[in-house]
Each structure stands twice: as C-alpha cells, then as structure tokens.
Amino acid sequence: MRAHSQHVVQSASRIVVKVGSSSISGENSGQIAPLVDALAEAHARGTEVVLVSSGAIAIGMPYLQLQERPTDLATQQAAASVGQNLLIFRYQDRLDRYDIVAGQVLLTASDLENATHRGNAQRAMERLMALRILPIVNENDTVATHEIRFGDNDRLAALVATLIGADLLVLLSDVDALYTCPPDLPGAERISHVAFGDPMVGMEFGATAVNGVGTGGASTKVTAARIAAQAGTAVLVTATGLVAEALRGEPVGTWFEPSTAPSGLRIS
C-alpha cells in the first residue's frame with residue numbers, strides 16, 4: 001500500500017498543502033522556511049502546488065498587544081487584517097530564493113456556496129497555477145462572520161482540493177500521524193492507512209481546539225480527509241516537520257484512500 005501511495009505522491013500533477021497556525025507562528029515561526037523549501041522542491045519538478053495557510057490572527061496578535069487569541073469578532077478581524085499582510089510577506093521572503101511568486105487568495109464560505117463566486121475563484125486559481133504562481137489560500141477572516149465560516153482551515157483545504165481537482169491533499173499538524181486515541185495516552189497506536197469509507201470505529205480523536213492560536217485538531221482532519229477522499233483526492237495527514245518527506249512520497253503519516261467513484265463539491 002505504501003508503494004501505491006508513493007506513486008500517487010510522486011506522480012501528482014496538483015497538490016494542496018494545508019498548514020495550521022500553531023505550526024508557523026510564535027516559537028514555531030521558523031518552520032515557514034523548511035515548509036517553503038519543500039513546496040519549492042515539488043514546484044520545481046513541475047507539480048502545481050497550492051498552500052492553504054492559517055496564521056493571520058496568530059501572527060497579528062502581538063502587533064495588537066494581545067496575549068491570547070481574541071474571542072470577539074471585531075478584534076479577530078483586526079488581528080487578521082494585520083497578520084495576513086505579514087503572513088504573505090514571510091512566505092514571499094522565503095520563496096524569493098526560488099524565483100517563485102506567491103498569489104494571495106482569500107475566501108469565505110459564501111464564496112464557495114455561490115455558483116458565480118465559486119466559478120470565479122476556480123478560474124482565478126487555475127490561471128495562477130498556469131502562470132506558475134503559488135496560490136496561498138486562507139479564510140478571509142477580516143470579513144467572515146461567526147455565522148458564515150468554514151469552521152477550520154482543514155475543511156477549507158478539502159474544499160479547495162475538490163474545487164481544483166487536486167490529486168493529493170496534505171494536512172499538516174503538530175503530530176506525525178493520526179492515532180487510535182490521543183498519542184499521549186497509553187495504548188495509542190499509529191494509523192498508517194485508512195481505506196475509503198472506513199468508519200474508524202472505536203477510535204477517539206479528542207476535542208477540536210488544541211491550542212491557544214489554532215482551531216484545528218485530529219477530528220477536523222478526519223472530517224476534512226473524508227470530504228476530499230469522497231471527491232477523489234487522496235489525503236495524507238502528517239507533521240509539519242515531515243512535509244519534505246511527505247511530498248517526496250516517503251512512508252510518513254496517515255494515508256486516506258480516495259473514492260474510485262468521486263462526487264462533486266459539497267460545502268455543507
């Protein structure tokens with residue numbers, strides 16, 4: 001099975017990679033450089049790469065003198081407005097050495113619910129990739145509301161992968177793979193492969209919130225993986241520190257087999 005997944009990764013013409021706030025902000029901000037290096041390596045072999053990156057609010061917080069993630073919508077929007085600019089700058093600063101240009105794409109849930117907006121987003125991303133631009137996608141937190149949100153960027157990444165017909169979705173986190181229960185608990189076993197449609201009975205993935213800056217977790221990754229797999233996209237869940245190995249097709253993380261009879265984009 002690993003030989004099969006290695007072939008899928010190495011032959012993928014279009015890959016979406018998602019990274020969370022906790023992996024690239026605060027004390028982990030240094031992980032942006034190796035992440036970009038791995039994306040550039042895939043880009044250099046001709047693969048079309050899209051990055052879905054959280055982090056705008058987390059990166060903007062210190063500039064608003066905030067010690068914790070704000071809970072009110074207006075302050076979240078303000079932090080996102082400041083942080084999004086800095087986030088893209090940090091990515092572009094590292095991409096410059098590879099002569100790769102980033103293109104910012106900010107989406108709201110309503111953009112993908114509305115057929116006209118969805119078509120516009122798809123055409124824009126298709127054109128960016130055709131021009132060898134690396135799209136960096138994030139939820140538009142500056143204008144998004146609590147009522148109209150993707151909920152987490154794992155789901156956004158799955159919907160983007162479906163929208164552009166990606167061959168592979170790589171969901172990065174702080175943990176090397178999914179486990180049968182939280183990996184710090186006794187008896188936790190690493191899950192290397194999930195067949196399409198596997199209900200994963202008896203497995204516990206814990207609460208959604210995992211830290212003070214991000215909103216993702218193992219449960220959101222399982223949900224996102226199922227969305228993408230249903231649409232025919234293979235999914236790999238692994239740690240941000242293993243992204244280079246993941247994009248080379250090395251045996252890391254948890255692999256979700258895609259459906260052989262994929263369905264179309266489903267927002268809800």
Once you keep just the Cα pairs under 8 angstrom separated by 6 or more residues, what percentage relative contact order results for the chain?
24 percent
Tabulate in residue order the Karplus-calculated ³J(HN,Hα) for the range 95-104, using 6.51 cos²θ - 1.76 cosθ + 1.60 with θ = phi - 60°, rounded to whole Hz; enter x for Gly and Pro.
5, 4, 5, 9, 6, 10, 9, 8, x, 7
Per GNM of the chain with C-alpha springs under 10 angstrom, the most fluctuating residue out of Asp184, Asp141, Asp152 is Asp184
Please give me the summed charge of the neighbours of Leu172: other residues whose Cβ is under 11 Å from its Cβ, Lys and Arg +1, Asp and Glu -1.
-1
If you keep only loop residues by DSSP, which GluC sites (Glu not before Pro) in the range 38-145 have at most 11 other Cβ atoms within 10 Å of their Cβ?
Glu68
Above 19 angstrom, tally the Cα pairs of the range 65-151 and express them as a % of all pairs, no decimals.
49 percent
Springs between alpha-carbon pairs under 10 angstrom, Gaussian network model over the chain: which of Ala40, Ala228, Ala157 fluctuates most?
Ala40
If exposed means no more than 13 neighbouring beta carbons inside 10 Å and the site is in a DSSP loop, what's the longest run of the chain without any exposed trypsin sites (Lys or Arg not before Pro)?
133-265
Sorted by chain and number, the residues with a modelled amide H under 5 Å from that of Glu204, at a separation of 5 or more or across chains, are Cys181
Given a 1.4 Å probe and every protein chain left where it sits, what share in percent of the accessible area of the chain is carbon and sulfur?
51 percent
Within the set of other residues whose C-beta is less than 14 Å from the C-beta of Ala239, count the net charge using Lys and Arg as +1 and Asp and Glu as -1.
-1
Using amide H atoms built 1.01 Å from N in the peptide plane, name the residues 5+ places from Val52, or on other chains, whose amide H lies under 5 Å from its own.
Val17, Lys18, Val19, Val137
Averaged per residue, what accessible area in Å² does the chain show with a 1.4 Å probe, protein chains only?
44 Å²
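The values are calculated or read from the model by the stated rules, or taken from the named source; none is laboratory data. Here the structure is a predicted model, which is why all the values come from computation and not from measurement. Please note: Cβ atoms are built from the backbone with ideal geometry, for glycine as well, and neighbour counts cover all protein chains shown. These accessible areas exclude ligands, DNA and RNA; they are computed on the full protein's heavy atoms, side chains included. Shrake-Rupley method; radii C 1.70, N 1.55, O 1.52, S 1.80 Å.
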